[in-house]
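Read through the structure below, which is laid out as structure tokens, and then see the notes.
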Amino acid sequence: MSRAILRYIRLSPTKARLIAREIQGMNAELALATLEFTPNKAAKVIYKVIASAIANGNYDAQNVIIKSCRVDAGPVLRRMTPKARGRGAPIRKPTSHVIVEVSEAKEDKVKKGKVK
């Protein structure tokens, strides 16, 4: 089992979790192909983290499953925007921490897509 962590990425954790839940339990090669054609910033970020986790373990993408893909909330950058009468309104710019764990799959358990 190997893992990769990407911290402080300027991406909303709520939006990234939508993508992370889709690929959990998938074969890594299939997950990478799915993420490559998903038009979303989170998909590009998670693609790179999965590729890094596979490289960290010296695995081949065909023989690996994504054991867990977790997106945690990081610190929030707080900014202000000017409003009428000298007031200001807050702007929240969230950050995320992406954690991916991959492990080798047994060939009899791996079917198309997800592991049973």
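Would you confirm whether any residue within the stretch 81-99 is among the aliphatic types (A, V, I, L, M), part of a strand (DSSP E or B) and without any contact (Cβ under 8 Å) to a residue 40 or more places away in the chain? Write out each step before concluding.
Of all residues in the stretch 81-99, those among the aliphatic types (A, V, I, L, M) come to 84, 89, 91, 98-99.
Still in the running and part of a strand (DSSP E or B): 89, 91, 98-99.
Then drop every residue that is not without any contact (Cβ under 8 Å) to a residue 40 or more places away in the chain, which leaves 89, 91.
Taking every residue of the stretch 81-99 in turn, at least one turns out to be among the aliphatic types (A, V, I, L, M), part of a strand (DSSP E or B) and without any contact (Cβ under 8 Å) to a residue 40 or more places away in the chain.
Take the residues in the stretch 90-116 that are loosely packed, with under 10 Cβ neighbours inside 10 Å and farther than 24 Å from Tyr47 by Cα; name whichever of them is modelled with the lowest pLDDT.
The selected residue is Asp108.
Looking only at residues that are farther than 20 Å from Glu29 by Cα and touching a residue at least 60 places away in the same chain (Cβ under 8 Å) in the stretch 52-76, which one is surrounded by the fewest Cβ atoms within 10 Å (Cβ to Cβ)?
Filtering the stretch 52-76 for residues that are farther than 20 Å from Glu29 by Cα and touching a residue at least 60 places away in the same chain (Cβ under 8 Å), the one surrounded by the fewest Cβ atoms within 10 Å (Cβ to Cβ) comes out as Pro75.
The values are calculated or read from the model by the stated rules, or taken from the named source; none is laboratory data. What you see is a predicted model, and the numbers here were worked out from it, not measured in a lab. We place every Cβ from the backbone using ideal geometry, glycine too, and count neighbours over all the protein chains shown.
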